[in-house]
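Data block below; observations after.
The values are calculated or read from the model by the stated rules, or taken from the named source; none is laboratory data. The structure displayed is predicted, hence computed values, not measured ones. All Cβ positions, even for glycine, are placed from backbone atoms using ideal geometry, and neighbour counts span all protein chains on display. Note: accessible area is taken over every heavy atom of the protein model, side chains too, but ligands, DNA and RNA are not part of it. Shrake-Rupley method; radii C 1.70, N 1.55, O 1.52, S 1.80 Å.
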Amino acid sequence: MFYFKILLFKMFITDQDKNFNNLINILISTLIVFSVTLYFYFFKFDGNITGFFRIGSILPLSPFLNAETTFIYQGEIGYDGQQFLSLALDPFLQNSETINSLDHPIYRYRRIFYPFVSYLLALGNKTLIPYIMVAINAFSIIIIVAITDLYFKSDNVSKFQSLFTLCIPGVWMVLSLGTADLFSSVFLIASFYCYRYEKYKLTALFISLGCLTRETLLIVWFALFLTSLIQKRFKQIQYLLYGLIPPILWTVYISFLDLPGKVRVKDNFGFPFLGIINKLISIVTGELNGSNLFEAYMFFILLFSFVAIFILYIKHRQPNLLMQTGNTFYSVMFAFSSMTILGYYLDYSRVFMDVYFLLLLSVNLTKIPYKTILFSVSGIGSLAFLILHS
């Protein structure tokens, strides 16, 4: 009985320590995210919240935005954040000019969940919506840190493991561009956590919401499905199939709207490895300047992340099966990517940001600190982006 009481006491102290460490990580991430968001808002965008959405002057502006009060990058086509903002201001497409402001309406409307949630949280207030969208992305970073802490609660890993999230360059790029990638990554991390601790219904729910946020998370759905099949989690397979219903129904609904545009698969993908080869050629033949060096730096960090996940899987197959399955699917996508994606660091760092999260969730019990090395190097890239990005 005496030893049993000692064991309970040790477990209580250990749990208290873990909870305290989790709280410290959340506080640290909150402070950093809050500081970077204010830095972008006041210094990069001159106190104009629309600066977060990289709005260009070439495409038509949303009918709910005033050109005189909008932060516009003259001579640019804009970025995906502009499209998400246009949808958030009019998620039901009630104004015909909203469709005109979208470059590929049928493609953009498939990614409805981020703008729709922003609209709901803002209660439809057009002035408040951009602030809510930025807040969602900022809080997404903090939530990812919190869930990662929970993911490793049963492992003997560094108590600051989850803070590697803050080293991922794509995290800060997405925050500055107002896209949906961080929000979708929350659902990826949450689905992996629920899968690990056998919360079958929540696993299916989170990945379903992730697919409604960004359809490329179907890759993660397939990774969960295949891993469930290998591990004979047939109940999980059942719920994953249920989880496909909302994205399928939404896709069918969109098909009846007869929206203009097309899914841009041909532009983004081509013959296998051709895009990678062209990217390497452009790096080698490019000028020896800061811009080209940063491109090379970002590209090779991503390449090494793919490799690191595979190495960790070879050394520890069972705990890293799900991560390697996802890594395999993303590797195939990477191999077929064209220069449309691989040509610029903002594109591939954002599109393949989830690869870093797969690495983050991989268990590393080797003597070589693969994760620490890669995330430290990534952190340098993040700092360079925050300081030099305009």
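Of all positions in the stretch 345-365, at least one carries a residue that is surrounded by 13 or more Cβ atoms within 10 Å (Cβ to Cβ), outside any helix (DSSP H, G or I), more than 19 Å from the chain's Cα centre (by Cα) and among the polar types (S, T, N, Q). Reported count of residues in the stretch 288-338, each being outside any helix (DSSP H, G or I) and either within 23 Å of Asn278 (Cβ to Cβ) or among the polar types (S, T, N, Q) (or both), is 6.
Scanning the stretch 296-315 for residues that are of a type outside the set (Phe, Trp, Tyr) and buried (at least 19 other Cβ atoms within 10 Å of the Cβ) yields Met298, Ile301, Leu302, Ser305, Ala308, Ile309, Leu312. Consider the stretch 79-130 and keep the residues that are free of Cβ contacts under 8 Å to residues at least 12 places away in the same chain and assigned to a helix (DSSP H, G or I). The one that is nearest to Pro63 (Cα to Cα) is Ser96.
Would you mention how many residues in the stretch 366-385 are open to solvent by 10 Å² or more (accessible area, probe 1.4 Å), in a helix (DSSP H, G or I) and either touching a Gly at 6+ places or on another chain (Cβ under 9 Å) or among the hydrophobic types (A, V, I, L, M, F, W, C) (or both)?
Residues in the stretch 366-385 being open to solvent by 10 Å² or more (accessible area, probe 1.4 Å), in a helix (DSSP H, G or I) and either touching a Gly at 6+ places or on another chain (Cβ under 9 Å) or among the hydrophobic types (A, V, I, L, M, F, W, C) (or both): 6 in total.
Selection of the stretch 97-155 for residues being open to solvent by less than 30 Å² (accessible area, probe 1.4 Å), farther than 20 Å from Leu27 by Cβ and of a type in the set (D, E, K, R) yields Arg108, Arg111. Only one of the listed residues (Met298, Met323, Met353, Met333) is under 30 Å from Tyr193 (Cα atoms), at pLDDT 95 or above and touching a strand residue (DSSP E or B) at 6+ places or on another chain (Cβ under 9 Å). That residue is Met333.
Determine, yes or no, whether Met133 is over 16 Å from Met353 (Cα atoms), touching a Leu at 6+ places or on another chain (Cβ under 8 Å) and either modelled with pLDDT of 95 or more or in a helix (DSSP H, G or I) (or both). Against the criterion (over 16 Å from Met353 (Cα atoms), touching a Leu at 6+ places or on another chain (Cβ under 8 Å) and either modelled with pLDDT of 95 or more or in a helix (DSSP H, G or I) (or both)), Met133 qualifies. Would you confirm, using the coordinates I've provided, whether Ser35 is open to solvent by 50 Å² or more (accessible area, probe 1.4 Å) and either within 19 Å of the chain's Cα centre (by Cα) or among the small types (Gly, Ala, Ser) (or both)? Taking the combined requirement at face value, the residue satisfies it. Among the residues in the stretch 165-181, are any at pLDDT 95 or above and open to solvent by 10 Å² or more (accessible area, probe 1.4 Å)? Yes, the stretch 165-181 contains a residue that is at pLDDT 95 or above and open to solvent by 10 Å² or more (accessible area, probe 1.4 Å). Residues of the stretch 35-71 that are free of Cβ contacts under 8 Å to residues at least 40 places away in the same chain, under 28 Å from Leu383 (Cβ atoms) and among the hydrophobic types (A, V, I, L, M, F, W, C): Leu38, Phe42, Phe43, Phe45, Ile55, Phe71. Taken as a whole, the condition of being among the polar types (S, T, N, Q) and surrounded by fewer than 18 Cβ atoms within 10 Å (Cβ to Cβ) does not apply to Asn320.
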